[in-house]
Amino acid sequence: MKKLEHKIELKVSNQKEFVKYFEENKISYEVVDSQTINVYGKINLSKLIFDLSKENLIADEIHEQEESLENYYMNLIGGVKND
């Protein structure tokens, strides 16, 4: 179900500092690899960026995604969507 939630993907170089921030602020996150962190839930992207910048936490890349059930299912089975 986590894959169906609103997600913000962050590419970062100082992962430990971001994880510390998310833990302290009780923000739902997942460490994907050494440079990628996914943040879940209904989070305002502008506010998140502003709050992170106040802590000198600057992401290299940020991508906002919301997966629909249909897209998730099609990706899961490897099919393509026909309109």
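Per-structure values
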| read-out | value |
| --- | --- |
| Checking Lys81 against (1) open to solvent by less than 70 Å² (accessible area, probe 1.4 Å); (2) at pLDDT below 75, the condition it does not meet | (1) |
| Number of positions in the range 16-46 that are part of a helix (DSSP H, G or I), at pLDDT 95 or above and not hydrophobic (A, V, I, L, M, F, W, C) | 6 |
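The values are calculated or read from the model by the stated rules, or taken from the named source; none is laboratory data. Computed from a predicted structure; not experimentally measured. Ligands, DNA and RNA are excluded from the accessible area calculation, which covers all protein heavy atoms including side chains. Shrake-Rupley method; radii C 1.70, N 1.55, O 1.52, S 1.80 Å.
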